[in-house]
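Heads up: the structure comes next, in structure tokens.
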């Protein structure tokens with residue numbers, strides 16, 4: 001009998017101690033079920049707002065949270081589930097937290113197509129972030145990275161939406177943002193699986209660094225660049241007289257062989273200029289190709305280029321050799337006017353003798369071209 005008395009006494013002490021520990025401000029934490037859901041409702045709603053899931057609603061069934069709403073993306077749906085699950089501590093029946101989260105009533109918004117994001121560098125090194133991001137955690141990560149890279153401030157105009165390509169979208173966007181920080185002006189874009197950097201780089205070394213970074217973006221993403229080098233000459237203030245003209249050109253920054261090869265490889269990816277039928281007039285897209293070739297030639301002092309002019313062989317381009325020479329000359333003149341020495345340029349008037357190997361019989365436009373190659 002004494003054993004039972006001792007056991008009952010110990011049990012009473014434990015129960016009394018338990019209730020003493022879990023009692024605060026006159027309200028027992030081991031409350032009846034009818035008091036638990038109201039407090040959990042507030043805690044879950046607060047957690048959802050804190051995670052950026054303002055779109056989500058919650059109803060409590062005891063200690064079970066039932067979520068509903070229209071999630072902008074799958075990532076935001078998963079983030080809302082995690083936020084609700086941990087809204088009141090570790091959860092579980094004894095601790096008065098969330099025992100289960102049901103998300104079957106959450107719907108997903110229609111995905112965005114095409115899926116586009118961009119960062120635009122503005123005055124004072126301020127950057128504006130625009131377009132779509134796959135979730136709030138992606139948004140927070142990009143804003144944090146931008147604040148480290150751009151001292152002028154960050155303007156967040158991004159919207160959460162699903163539809164991003166498979167693969168590491170955040171890494172692709174971060175790489176483009178980091179390259180934008182190296183430019184003097186420009187913008188970075190992620191357009192579906194294409195990572196683009198556009199603008200003006202301060203020198204050829206930075207130019208080559210950006211190209212290398214874009215070549216190494218993770219698949220399925222691919223990098224592209226449309227950049228020019230900054231003019232190193234400083235303009236005098238408006239109230240000062242201009243300095244006397246120099247008798248020689250200012251020195252051009254030259255690249256090491258490895259960096260030069262990177263520039264050449266990138267330039268050769270888009271080394272063809274197209275023409276309208278019967279014309280030798282350069283188009284706007286052709287001028288972009290020529291600008292790239294000019295910057296490459298100026299940065300690589302030993303580079304020699306062969307410019308080959310071609311025609312399509314149709315009746316309208318009967319003066320084949322003469323027209324192909326005019327097209328090659330138009331490209332060569334642009335390079336020479338920009339400072340590339342004539343001795344580093346070789347011209348070939350191929351006429352219609354070398355059709356584009358990728359052109360079908362009815363694709364004559366592919367043969368109306370000027371093509372660049374490197375002379376060993």
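Relative contact order for the range 262-374: what is it in percent, counting Cα pairs under 8 Å that are at least 6 residues apart?
38
What is the calculated FRET efficiency for residue 59 to residue 86, with r their C-beta to C-beta distance and R₀ = 25 Å, to the nearest 0.05?
On the way: r = 18 Å, r/R0 = 0.73.
After rounding, the FRET efficiency stands at 0.85.
Label-point separation (nm) for residue 374 and residue 171, each offset 7 Å from Cα along Cα-to-Cβ? In this crude label model, residue 374 to residue 171 measures out at 2.8 nm.
With the simple model of a label 7 Å out from the Cα in the direction of the Cβ, residue 209 to residue 68 spans 5.4 nm.
Extension gain for the segment residue 42 to residue 346, taken as residue separation times 0.36 nm less the Cα-Cα distance, is 101.8 nm to one decimal.
Applying 0.36 nm per residue to the separation of residue 365 and residue 268 and subtracting their alpha-carbon distance, the gain on full extension is 32.9 nm. The distance between label points at residue 316 and residue 288 comes to 2.3 nm (points 7 Å beyond Cα on the Cα→Cβ vector).
Using the Cβ-Cβ distance between residue 141 and residue 226 with R0 = 35 Å, the FRET efficiency computed as 1/(1 + (r/R0)^6) comes to roughly 0.85. Peptides 150-163, 333-346 ranked from most to least packed by the mean count of surrounding Cβ atoms within 10 Å: 150-163, 333-346.
Any read-out appearing in this document is the output of simple, stated calculations on the displayed coordinates, not a laboratory observation. In this text, all values refer to a predicted model and were calculated from it rather than measured experimentally. Glycine gets a Cβ as well: all are built from the backbone with ideal geometry, and neighbour counts include every protein chain shown.
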